[in-house]
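Input: a single structure, listed below in structure tokens.
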Amino acid sequence: MRWPLILALSLLGGCSALSEQQCRLGDWYGLGYQDGQAGRTRNRLDEYHKSCAEYAITPDLERWQAGYDKGLAFYCIPELAYAKGKNGDEYHGVCPNDASFRQRYERGRAEYQVQQQLDEIADELDRLQDERERVWKSYRHSQDDAERHELGHRLRQFEWHALDLQQQYMQIKQQQLQLLATPRE
């Protein structure tokens with residue numbers, strides 16, 4: 001009977017943004033700095049308020065805001081925006097220099113998305129090649145004419161599908177090259 005209760009309490013405890021110990025220690029400047037440096041929105045402070053209210057503790061808004069502003073200054077360096085986009089990081093519109101940051105971020109994000117498409121097609125081609133080899137092996141070893149006919153038909157379908165994927169890959173690769181040829185600002 002004790003284990004279900006302990007499990008339920010541990011699951012409820014996992015819902016909080018902060019533990020009781022974190023609320024009591026109150027490194028609000030450090031938490032603010034981490035949130036700003038990670039590009040999180042100011043809504044994060046609301047989560048802290050809710051978590052710490054369970055323990056009758058109020059976060060220090062001024063200390064958190066000072067840390068957040070300092071961390072955000074680091075996060076919002078326009079020269080880093082491109083890399084954040086290229087890595088696939090999310091951007092939540094938190095930078096005061098949003099237009100400059102967003103332009104560079106979007107450029108990197110576009111390159112990231114194109115690369116994701118290329119990777120997905122390459123993975124599909126690999127999967128298709130594996131399946132084709134498996135069917136080819138069955139085709140070679142089959143003595144049944146009807147089965148060989150069906151397997152031959154599937155092999156031709158694989159070839160057409162592979163050609164279609166290769167064409168898509170080349171089109172996206174061309175987009176990627178055009179994107180890369182465009183000067184970054």
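Values in this text are rule-based calculations from the coordinates and carry no lab data. Predicted model only: the values in this text are computed from it and were never measured. When we count neighbours, we look across all protein chains shown, and the Cβ atoms used for this are built from the backbone with ideal geometry, even at glycine.
For the residues A110, A162, A83, A122, the requirement of being of a type in the set (A, V, I, L, M), part of a helix (DSSP H, G or I) and more than 23 Å from the chain's Cα centre (by Cα) singles out A162. The number of residues in the stretch 16-38 being under 30 Å from S100 (Cα atoms), more than 27 Å from the chain's Cα centre (by Cα) and surrounded by fewer than 20 Cβ atoms within 10 Å (Cβ to Cβ) comes to 1. Considering the stretch 39-77, and only residues there that are in contact with a Lys or Arg (Cβ under 9 Å, 6 or more places away or on another chain) and assigned to a loop (DSSP other than H, G, I, E, B), the residue that is surrounded by the fewest Cβ atoms within 10 Å (Cβ to Cβ) turns out to be Y55. Scanning the stretch 78-108 for residues that are crowded, with 18+ Cβ neighbours inside 10 Å and over 20 Å from L179 (Cβ atoms) turns up V94, C95. When restricted to residues that are in contact with a Gly (Cβ under 7 Å, 6 or more places away or on another chain) and either over 30 Å from E90 (Cα atoms) or exposed (fewer than 15 other Cβ atoms within 10 Å of the Cβ) (or both), the stretch 112-163 contains 1. All but one of (1) assigned to a loop (DSSP other than H, G, I, E, B); (2) of a type outside the set (G, A, S); (3) under 19 Å from the mean Cα position of the chain (by Cα) hold for C95; which doesn't? Here C95 meets the rest and fails (3).
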